[in-house]
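The values are calculated or read from the model by the stated rules, or taken from the named source; none is laboratory data. Not measured: the values here are computed from a predicted model. Glycine gets a Cβ as well: all are built from the backbone with ideal geometry, and neighbour counts include every protein chain shown.
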Amino acid sequence: MSIKLEHLNYVYSQKTAYEKKALNDISLEIPHGEFVGIIGHTGSGKSTLIQHLNGLLRATSGALYYNGENIYGEGYSMGKLRNEVGLVFQYPEHQLFEIDVLTDVCFGPKNQGLCQEECKERALEALHLVGLKEKYYKSSPFELSGGQKRRVAIAGVLAMRPKVLVLDEPTAGLDPKGRDDILDQIAFLHKESDMTVILVSHSMEDIARYADRLIVMNKGTVMYYDEPKKVFEHYQELEQVGLAAPQVTYIMHDLVKSGIPVRTDVTTVSEA
Ligand code: ADP
């Protein structure tokens, strides 16, 4: 299920006074099963880019191939693409609305036309995957904490069993503990499944720990697309555009990737 973009451009409000080029000549390929981080400042084009991946936005020009098929080709099923590429928007908990957690997570599979039993099975599996305790399954989503609500929202997308999971700033608005918990859970999800995970963030610290590859966006273009180690070699260039993270983040990436548990809620010891 690789995703390949070729010279993709996107212009908002084309041919109006508000015309804005948001993506400029993006070419890249995301192999199946990778954990890819997309990093860049607000306005660099991250959200615009990911909305192309499940066909929510259609490129102004250029091509996008999903699993070798041109998604803009005649007869291509966008419905199927949307089932396979699950998108978790920013502040996804704003879209929770059902009476209890389990019913909410069932919503997606129900919409896919699956029977009640299958919906429930998938919802239970998804809630287990996001690590929400069973005692909350019958609670109203509105009674939960911020981090728990976000888990429920992510479970809602997982219940559709996507092959690609795209998360737009999943840690926005959470405290440091909630942020680390969600990121650890996403890393766990990736490890436990063969899903491709694409995680958007404006924080190098957040994504550098887990991603196999980083897409660094700057002003609608891809500045770098490489393994974190290779990207970090451009420390000075990253610093110039305000995207560098403290050196310790890069060291942590190596530790996490070699399987050594790293607690980030413990402040680093200062020099004597
Ligand atoms: P990011 O996700 O990195 O913050 P976006 O993809 O949201 O960036 O935005 C990229 C650029 O496109 C920005 O300049 C933003 O102002 C502009 N933009 C985003 N959404 C719209 C829209 N609906 N209409 C016009 N311009 C938009």
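If you check L49 against the conditions, is it under 24 Å from Q90 (Cα atoms), crowded, with 17+ Cβ neighbours inside 10 Å and more than 10 Å from the ligand (Cβ to nearest atom)?
Answer is no for this residue.
For the stretch 187-211, what are the residues that are more than 16 Å from the ligand (Cβ to nearest atom), closer than 21 Å to S44 by Cβ and modelled with pLDDT of 90 or more?
V197, A211
Any residue in the stretch 10-35 that is more than 26 Å from K163 (Cα to Cα) sitting within a Cβ distance under 8 Å of a residue that is more than 8 Å from the ligand (Cβ to nearest atom) and not in a strand (DSSP E or B)? List the pairs, counting only those 6 or more apart or interchain.
Qualifying pairs under 8 Å: V11/E19; V11/T60; Y12/E19; S13/E19; Q14/T60; N24/K219.
Among the residues of the stretch 132-150, is there at least one that is within 16 Å of the ligand (Cβ to nearest atom), in contact with a Lys or Arg (Cβ under 8 Å, 6 or more places away or on another chain) and outside any loop (DSSP other than H, G, I, E, B)?
Taking every residue of the stretch 132-150 in turn, none turns out to be within 16 Å of the ligand (Cβ to nearest atom), in contact with a Lys or Arg (Cβ under 8 Å, 6 or more places away or on another chain) and outside any loop (DSSP other than H, G, I, E, B).
Take the stretch 13-29 and flag every residue that is within 20 Å of the chain's Cα centre (by Cα) and within 13 Å of the ligand (Cβ to nearest atom).
Of everything in the stretch 13-29, those that are within 20 Å of the chain's Cα centre (by Cα) and within 13 Å of the ligand (Cβ to nearest atom) turn out to be A22, L23, I26.
Of the conditions (1) away from the ligand (no atom under 15 Å from the Cβ); (2) surrounded by 14 or more Cβ atoms within 10 Å (Cβ to Cβ); (3) under 29 Å from L189 (Cβ atoms), Y10 fails just one. Which one is it?
So Y10 meets the others, but not (1).
Being of a type outside the set (S, T, N, Q), surrounded by 13 or more Cβ atoms within 10 Å (Cβ to Cβ) and under 17 Å from T196 (Cα atoms) narrows it down to one of Y76, Y66, so name that one.
Testing whether each residue is of a type outside the set (S, T, N, Q), surrounded by 13 or more Cβ atoms within 10 Å (Cβ to Cβ) and under 17 Å from T196 (Cα atoms) leaves just Y66.
Going by the structure shown, is G86 surrounded by 15 or more Cβ atoms within 10 Å (Cβ to Cβ) and in contact with a Gly (Cβ under 8 Å, 6 or more places away or on another chain)?
Spelling it out, it is not the case that G86 is surrounded by 15 or more Cβ atoms within 10 Å (Cβ to Cβ) and in contact with a Gly (Cβ under 8 Å, 6 or more places away or on another chain).
Just for the stretch 138-186: of the residues that are more than 16 Å from the chain's Cα centre (by Cα) and among the basic types (K, R), which one is modelled with the highest pLDDT?
Here the answer is K138.
Within the stretch 40-56, is even one residue farther than 30 Å from H253 by Cα, hydrophobic (A, V, I, L, M, F, W, C) and touching a helix residue (DSSP H, G or I) at 6+ places or on another chain (Cβ under 6 Å)?
no
Which residue out of H7, H52 is over 21 Å from the mean Cα position of the chain (by Cα), under 26 Å from L238 (Cα atoms) and not aliphatic (A, V, I, L, M)?
H7
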